[in-house]
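To start, I am sharing the structure in question, which I have written as structure tokens.
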Amino acid sequence: QVQLVESGGGLVQAGGSLRLSCTASGRTFSNYNMGWFRQAPGQEREFVAAVKWSGASTSYADSVKGRFTISRDNAKNTAYLQMNSLKPEDTAVYYCAAQLRSKNWGSLEYDYWGQGTQVTVSS
């Protein structure tokens, strides 16, 4: 089992920045690709970004490219999502997720999920 705990959410004005963190425990962190997803009220959960187990590759949804940056620190068992130039439409609960690195890079099938952290962007 992998336990994931997100932090760093909050209320920010449009144009502002936030950095989300996701700390993992329970298994070897570097065995997992890490992803961020979000779910706005009344909408389905959507992919935001992913980083490969080694940190060598990243992937982003078109809606956040150029504004968000995903990274990881395997020594700290932590993944990050730096969010800049935030927009009201970025308002959602953000979830981090872990995916066994044996799965195909780009797959949206994740094995473990955190509880989520609320991000609210005011206009």
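State, as an integer percentage, the relative contact order of the chain based on alpha-carbon contacts under 8 Å between residues 6 or more apart.
With pairs under 8 Å counted, the relative contact order is 36 percent.
Using a 1.4 Å probe and counting only protein heavy atoms, arrange Y32, Y112 so the residue with the most accessible area comes first.
So, going from the largest accessible area down, we get Y112, Y32.
Continuing with this model, one more query. Any idea how far the Cα center of segment 61-84 sits from the one of segment 1-58, in Å?
Distance between centres, Cα-based: 7 Å.
Please give me the summed charge of the neighbours of Q118: other residues whose Cβ is under 12 Å from its Cβ, Lys and Arg +1, Asp and Glu -1.
After counting each charged neighbour, the total is -1.
Could you pull out every one of the lysines with an alpha carbon less than 20 Å from that of K103, ignoring same-chain neighbours closer than 8 positions?
Within the straight-line limit of under 20 Å, K103 reaches these lysines: K52.
Compute the label zone of N74 within segment 20-49: residues whose backbone N is under 18 Å from the point 7 Å along Cα-to-Cβ.
Correct set: 22-35.
Can I ask one more? Which sequence of E46, E6 reflects their accessible areas, 1.4 Å probe, from the largest down?
Final ranking, largest accessible area leading: E46, E6.
The values are calculated or read from the model by the stated rules, or taken from the named source; none is laboratory data. Because the structure is predicted, anything quoted here is derived from the model rather than measured. Neighbour counts run over all protein chains shown; Cβ positions are idealised from the backbone, glycine included. Just the protein is used for accessible areas: all its heavy atoms, side chains included, with ligands, DNA and RNA removed. Shrake-Rupley method; radii C 1.70, N 1.55, O 1.52, S 1.80 Å.
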